[in-house]
Amino acid sequence: MKTLLMIQARVWSLGWTKDYFNNVPGLMHEYGGQYILKATKLELVEGEDEPWQQLLIAEFPTPESAKAFYSSAAYEPWKALRRKHGEYRIQLVSG
């Protein structure tokens, strides 16, 4: 069952993102994943929360492959780097 990894982000600095996006998509690909959306123009049309600055959606073939990518040792340094420079809400969406 295809699974989406949905990432909502508030990023405080951008200097690190070039290295991240030059490396992480290849790592995702090893688990069958790929980015299908990278958006920075978000507009809240309903609800009370402030909109996040960015929305990224990656597609994986299964929930297990998405979890394997997210918890992999190879992704850990990239996860740590990302966490130093922003706030994130990440969800797996399957159905």
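For this structure, a couple of remarks:
- Accessible surface calculations at 1.4 Å, restricted to protein heavy atoms, place the chain at 65 Å² per residue.
- Each of Lys67 and Leu55 was given a label point 7 Å from its Cα along the Cα-to-Cβ line. The distance between the two points is 2.6 nm.
- Percent accessible area from carbon and sulfur atoms, the chain, protein chains only, probe 1.4 Å: 53
- Only Lys, Arg (+1) and Asp, Glu (-1) charged, at Cβ; the chain dipole about Cα centre in debye: 320
- Computed over segment 1-85: relative contact order in percent, which uses C-alpha pairs under 8 Å that are six or more apart: 43
- Dipole orientation for segment 11-95: of the candidates Trp16, Tyr35, Pro63, Trp16 has the Cα lying most toward the positive pole (charges on Cβ; Lys, Arg +1; Asp, Glu -1).
- If you plug the beta carbon distance of Glu43 and Arg10 into 1/(1 + (r/R0)^6) with R0 = 22 Å, you get a FRET efficiency near 0.90.
The values are calculated or read from the model by the stated rules, or taken from the named source; none is laboratory data. Because the structure is a prediction, the values reported are computed rather than measured. Here Cβ is always computed from backbone atoms with ideal geometry, including for glycine, and neighbour counts include all displayed protein chains. Protein only, heavy atoms only, side chains kept; ligands, DNA and RNA dropped before computing areas. Shrake-Rupley method; radii C 1.70, N 1.55, O 1.52, S 1.80 Å.
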